[in-house]
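For reference, the structure is listed below as structure tokens.
The values are calculated or read from the model by the stated rules, or taken from the named source; none is laboratory data. Keep in mind that what you see is a predicted model, and the values were worked out from it rather than measured. Using ideal geometry, Cβ is built from the backbone for each residue, glycine included, and neighbour counts are taken over all protein chains shown.
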Amino acid sequence: APTVFLLMVNGQIESAQFPQFDDLYCKYCFVYGHDWAPTTGLEEGISQITSKNRDAQQALVWNFPIDITFKSTNPSGWPQIVVSVYGPDLFGNDVVRGYGAVHVPFTPGSHRRTIPMFVPESTSKLQKITSWLMGRHPEFTDP
Amino acid sequence: MAEVHLIGQIVGASGFPRSSLFCKWGIHTGGAWKLLSGLREGQTQVDHPQLGDVAYWCHPIDVHFATKGLQGWPKLHVQVWHQDPFGRRELYGYGFCHAPSSPGWHALACVTWLPRGSWPERLSQLFVGGGPQLLNSDLIYTGADRYRLQTTAAGTVHLELGVLLRHFARYGVEC
């Protein structure tokens, strides 16, 4: 019988730097292979909406806890955490401001990871204008 | 049973708009954890920094836990409060961080956030002070119900924690 091992992940989505945007919230979810299954903890979550402080720091702080334990028989399909950041546009609609993903670290101990974020762009100029007006920017259906 | 010692101190805080701060702290663990010795919550003294704007508390933490399972690994949560010359107390930030799981000495910087009210509340907060506070302080270290909350960034709490683990290898846990 294949041996089972457990991976316990404890940590937080600490903060973000988004120089152009404010009032952002983030969603995280874990993506993993067929041999993995979460045993306890939350597989996805939505954070609070945070805003920048008035002083020079300009960081967006969430301090959002991540607690999950996975059970697996195979390192292939090692879990990744996918983070999506959303914020309001000029008209108040919720628009995606960034997507990013990183693998859960492989070695035991404390780790810090900084995830660069990217946003899909419309392919045609006309779509860019209509999406700015309608508030429906291109988004991934499955991050 | 495996054992964990957390020995260190809450050094101080920086990045808050005013000094004269004190910190209420606590350690939250899951159901399988038992406190063997030490205090699992407390409150520091109020510090008025004379030089610079970093408030130093040097508040010792020395706790000893025994556990039957890894779930509910200790989380240290803090609430930073400001005390003004009239003795009133105002909340300046909530924050939490997990206790490190690898043995050794760690310097932790715990970021904090403050609940943000609507703009009339923020206007009166500017003149009178006092702002919204969490009714349920579990929200500081859990993420389940945060999506309706609006917050703003606050300062950072600095901690130094040494972690000592015992008997984890017996249970097949690599730390």
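Numbers at a glance
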| read-out | value |
| --- | --- |
| Meets criteria (assigned to a strand (DSSP E or B) and surrounded by 13 or more Cβ atoms within 10 Å (Cβ to Cβ)) for B:T142 | no |
| Among residues of segment B:139-175, those that are acidic (D, E) and without any contact (Cβ under 8 Å) to a residue 12 or more places away in the chain, counted | 2 |
| Residues of segment A:58-72 classified as modelled with pLDDT under 90 and either surrounded by fewer than 16 Cβ atoms within 10 Å (Cβ to Cβ) or over 30 Å from B:L114 (Cα atoms) (or both), total | 1 |
| Pair list, Cβ under 8 Å, 6 or more apart: segment A:106-117 residue closer than 20 Å to A:Y32 by Cα, other residue polar (S, T, N, Q) and at pLDDT 85 or above | A:P108/B:S101; A:P108/B:S102 |
| Output for segment B:124-137, where each listed residue is closer than 25 Å to A:E43 by Cα and touching a residue at least 12 places away in the same chain (Cβ under 8 Å) | B:L134, B:S137 |
| Which listed residue, of B:S102, B:S124, is hydroxyl-bearing (S, T, Y), touching a strand residue (DSSP E or B) at 6+ places or on another chain (Cβ under 9 Å) and surrounded by fewer than 20 Cβ atoms within 10 Å (Cβ to Cβ) | B:S102 |
| Residue that is surrounded by the most Cβ atoms within 10 Å (Cβ to Cβ) [pool: residues in segment B:60-87 that are of a type outside the set (A, V, I, L, M), away from chain A (no Cβ under 14 Å) and touching a Gly at 6+ places or on another chain (Cβ under 7 Å)] | B:H64 |
| Any hit, segment A:38-50, residues being more than 20 Å from B:D145 (Cβ to Cβ), facing another protein chain (nearest Cβ under 10 Å) and in a strand (DSSP E or B) | yes |
| Options B:S137, B:S102; residue that is over 19 Å from A:S51 (Cβ atoms), among the polar types (S, T, N, Q), touching a Ser or Thr at 6+ places or on another chain (Cβ under 9 Å) and within 14 Å of chain A (Cβ to nearest Cβ) | B:S102 |
| Checking A:Q58 against (1) more than 30 Å from B:W105 (Cβ to Cβ); (2) touching a Phe, Trp or Tyr at 6+ places or on another chain (Cβ under 6 Å); (3) within 14 Å of chain B (Cβ to nearest Cβ); (4) polar (S, T, N, Q), the condition it does not meet | (2) |
| Residue selected from segment B:4-56 under the condition under 23 Å from B:L165 (Cα atoms), touching a His at 6+ places or on another chain (Cβ under 8 Å) and free of Cβ contacts under 8 Å to residues at least 40 places away in the same chain, by the criterion surrounded by the most Cβ atoms within 10 Å (Cβ to Cβ) | B:G38 |
| Residues being of a type in the set (G, A, S) and not in a loop (DSSP other than H, G, I, E, B) - total across segment B:1-60 | 9 |
